[in-house]
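Peer 1: One structure coming up, written as structure tokens, with questions to follow.
The values are calculated or read from the model by the stated rules, or taken from the named source; none is laboratory data. Just so we're clear, the structure is a prediction, and the values are computed from it rather than from any experiment. Heads up, the Cβs are rebuilt from the backbone with ideal geometry, glycines too, and the neighbour counts pull from every protein chain shown.
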Amino acid sequence: MIKTGYAAWVDEFEAAKARRAALGDPDWRSGAQLPPELVRSIQKFQVGEDGDGSALLAKADRAGDPVYAAAARLFVAEEQNHARMLALLLAAAGAVVLDGHWSDAAFVRVRRLLGLRVELLVLMVAEVVALTYYRALRDGATDPSAREVAGRILADEQRHVPFHCLRLHEGLARLPRPARRAVTAGWRGLVGCAGLLVAVDHGAALRTLGTRRRSFVAEVFRSSAPMASAMADGPAHAPAAVPVAV
């Protein structure tokens, strides 16, 4: 029997978990050669991936759909695995992880202000930026381990987008169409601002990866358009895979 809705997402997350277990970790024995500016950049993204997701999961539980809550727990587990792989990549390069960073702290505070919809909308801002960043890291890094880790994370993030878009569409569905459009337009404005902040903060790393700041910001904003349509108009408009070309 073909499952639909969040039951299908539970199966998808479980299948991805099984694939990761079969694949195992990258081979860290040869270490990693990362320039200082890339180390600093990855350290900041590692902080953003880390966390127990307790606030999100508590809101998912209160939403009253145990199947969605189960899928959300599997999503959080994937994000924690991203943090773990990035920490191992940094260790392979002889670098440490950061205890925290202002940008992550700001995102977390905003996410926790209101309910599940606000939490997911702010989370999706970070997801959109991450898609472009990990694509640039995968394609621009010279170190094989960095490329492999970025590619694995990118594949996960591309699957996360339609998962969150589905829930956000359900959360926005009660609003009139003009109100939904206004919310998603405002969300795209936040995406553009976040892309600009990351481009400035990570400019040296982006140059090392062969990506111009202006191109990075433009791609972040461009890639948010189909996601906004999916939130406002439903899963039929969600991208099956998010094309992110820098």
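Peer 1: Looking only at the stretch 131-169, count every residue that is more than 10 Å from the chain's Cα centre (by Cα), closer than 18 Å to Tyr68 by Cα and among the charged types (D, E, K, R) and tell me the total.
Peer 2: Qualifying residue count, the stretch 131-169: 1.
Peer 1: Quick test for you: out of Ala93, Ala70, pick the one residue that is of a type outside the set (Phe, Trp, Tyr) and farther than 23 Å from Gly203 by Cβ.
Peer 2: None of the other options fit; the residue is Ala70.
Peer 1: If Arg181 meets every condition in (1) closer than 26 Å to Gln80 by Cα; (2) not in a loop (DSSP other than H, G, I, E, B); (3) not small (Gly, Ala, Ser) apart from one, which number is that one?
Peer 2: If we test Arg181 against (1) closer than 26 Å to Gln80 by Cα; (2) not in a loop (DSSP other than H, G, I, E, B); (3) not small (Gly, Ala, Ser), just (1) comes out false.
Peer 1: Can you tell which of Arg167, Arg135, Arg159, Arg147 is surrounded by fewer than 21 Cβ atoms within 10 Å (Cβ to Cβ) and either among the acidic types (Asp, Glu) or in contact (Cβ under 8 Å) with a residue 24 or more places away in the chain (or both)?
Peer 2: Answer to the selection: Arg159.
Peer 1: State the number of residues belonging to the stretch 198-214 that are in a helix (DSSP H, G or I) and either at pLDDT below 95 or crowded, with 16+ Cβ neighbours inside 10 Å (or both).
Peer 2: Summing the residues that are in a helix (DSSP H, G or I) and either at pLDDT below 95 or crowded, with 16+ Cβ neighbours inside 10 Å (or both) in the stretch 198-214 gives 8.
Peer 1: Among the numbered criteria (1) free of Cβ contacts under 8 Å to residues at least 40 places away in the same chain; (2) within 19 Å of Pro36 (Cα to Cα), which one does Val217 miss?
Peer 2: Failing condition for Val217: (2).
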